[in-house]
Amino acid sequence: MNMLKKLLFVAAMLLVLGMNDIYAQRIQVVDTDGQPIAYVCVTNANGALVGSTDSDGWIEDVKGASVLSLSHVAFQDKSVRLDEVLDGKIVMEEVDFTLPDVEVKPKELAYVQTYFRLIYLDEEGPIYYRGGVVDNTYEFAKKKASSKTRSLSKGANGLIRFLLSSLVGGRIDKLGQMHETSTYKDILEYEEKGKVTLTDESPDRRIVSDSICTLGYIDVDKEAGTRTTSFDKWTFREHIKAAEDRAKGKKMKKEEVEENETGEDSFYEVYRIDSEGRSRIDDFVMRQLQVGGTFKRTKKQYMILMQAYATERDYIDKKDYKALRKENKVDMDIKELRQYEKAHNIPPLAPNVQAQVDKLFEKELAH
């Protein structure tokens, strides 16, 4: 009988330990105030993709990882051991990234320099990196935005680099460029067309939703004079498509539904605002885009993580801009890009992720 009790006790302990392990797979990422952080890119100790947090800061399955690295444009990248996460929550601290105030002058152009980096990740780790600096101008008289980009890229092999750089390199560079229409203005347009609803959750936060679920949030920090827009564009697009398909009487195939369940396309933007809550193209502060999904054939997950930061802002005439362009006309290498990051206080990637990215450039970094 004693032996039976011992066996039952051991079985019960194993069950409890197993349950703890299951529950430990679900993690929430929050800020220092305990608010959930949406769209955090999560990788393991080897820089391999684990997934992304949802709009409430949850990642449902860490896929057996013992160490998680977290990356978000507005927060300091962080690595944490899961056995040190006692309450199922990981806290990230905001980046200390502020642009100095610049007096608006009666000049022809608004000038904004931005830095961007993009990492293409799959379940093996980073396989493509692209980074660069963009000189953006906005001509007030013509209400026209223009951009000149200097970038470099590297793939895990020459074919990957060639394919991604030639097929989507130009489109990637544009993500670091300023646009006359920001995500925030897109959402206001969607509301006018009746595609989304904006609901006040508090005086400083609005919920963006459609008829099915919450799609994101618009937050205003009056003290800092900034507006943050986070928006799940993929879900928004899929819900519109589903409604259109229903209207046409179309039934989706099982494999199409399975593929759609893995999609991702989320935006996060921060702009300066004035006392009336308005912003212009030159008020851009930072942006993050995540695009991901699962390949049909291999069932492997992938994620494209793009982050952009405004690094300089001024008001100049066209002749001043010509001088700036001449001064900035250099081909960047990875060492120069790293120096640029440090000089402009760009938040660094988590060390293990940076190490994996550096492996793509190891020959250049060795010289």
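No lab work stands behind these numbers, since they all come straight from the coordinates. Everything quoted here is computed from the prediction, not taken from an experiment. So basically every Cβ, Gly included, is an ideal-geometry build from the backbone, and we count neighbours across all protein chains shown.
Given segment 124-216, report the % of alpha carbon pairs whose separation exceeds 20 Å. Roughly 60 percent, rounded to a whole number.
Solvent-free Debye calculation, one equal scatterer per alpha-carbon of segment 35-109: log10 I(q)/I(0) at 0.11, 0.24, 0.27 Å⁻¹ equals -0.37, -1.17, -1.42.
Given Cα pairs under 8 Å that are at least 6 residues apart, what percent is the relative contact order of the chain?
That works out to 19 percent.
Could you work out the relative contact order of segment 22-152, using alpha carbon pairs under 8 angstrom and six or more residues apart, expressed as a whole percent?
Reported as a whole number, the value is 20 percent.
Any idea what % of Cα-Cα pairs in segment 63-155 are farther than 24 Å? When all Cα pairs of segment 63-155 are counted, 49 percent exceed 24 Å. List the longest stretch of the chain that has no exposed loop site; here a site is one of the trypsin sites (Lys or Arg not before Pro) assigned by DSSP to anything other than H, G, I, E or B, with at most 13 other Cβ within 10 Å. Longest run free of exposed loop sites: 27-141.
Per-residue Karplus couplings for segment 166-180, computed as 6.51 cos²θ - 1.76 cosθ + 1.60 with θ equal to phi - 60°, are listed in order as 7, 7, 10, x, x, 5, 4, 4, 5, 5, x, 9, 7, 10, 5 Hz, Gly and Pro entered as x.
Projected onto the charge dipole of the chain (+1 at Lys/Arg Cβ, -1 at Asp/Glu Cβ, origin at the Cα centre), which of PRO126, LEU159, LEU289 gives the Cα projection farthest towards the positive end? Final value for the positive-end residue is LEU159. At full extension, LYS174 and SER146 could sit 9.0 nm farther apart than now, given 0.36 nm per residue minus the alpha carbon distance.
Cα-Cα pairs above 36 Å in the chain: how many percent? Everything past 36 Å amounts to 28 percent. Among ASN44, ASN352, ASN328, the residue with the largest mean-square fluctuation in a Gaussian network model of the chain, with springs joining Cα atoms closer than 10 Å, is ASN328. Here the Gaussian network model covers the chain, with springs between Cα atoms less than 10 Å apart; of THR53, THR199, THR149, THR199 fluctuates the most. In whole angstrom, segment 163-256 maps to an equivalent ellipsoid with semi-axes of 27, 24, 11, each derived as √(5λ) from the alpha carbon gyration tensor and ordered largest first. Excluding same-chain neighbours fewer than eight residues apart, the lysines reachable from LYS322 by a Cα-Cα span under 27 Å are LYS105, LYS107, LYS142, LYS143, LYS144, LYS148, LYS174, LYS335, LYS342. Extension gain for LYS318-ASP31 works out to 99.1 nm (0.36 nm per residue, less the C-alpha to C-alpha distance).
Charging the Cβ of each Asp and Glu at -1 and of each Lys and Arg at +1, and nothing else, the dipole of the chain about its Cα centre rounds to 1460 debye. Using a Gaussian network model of the chain whose springs link C-alpha atoms within less than 10 Å, name the residue from SER151, SER166, SER182 with the highest mean-square fluctuation. Highest fluctuation of the listed residues: SER166.
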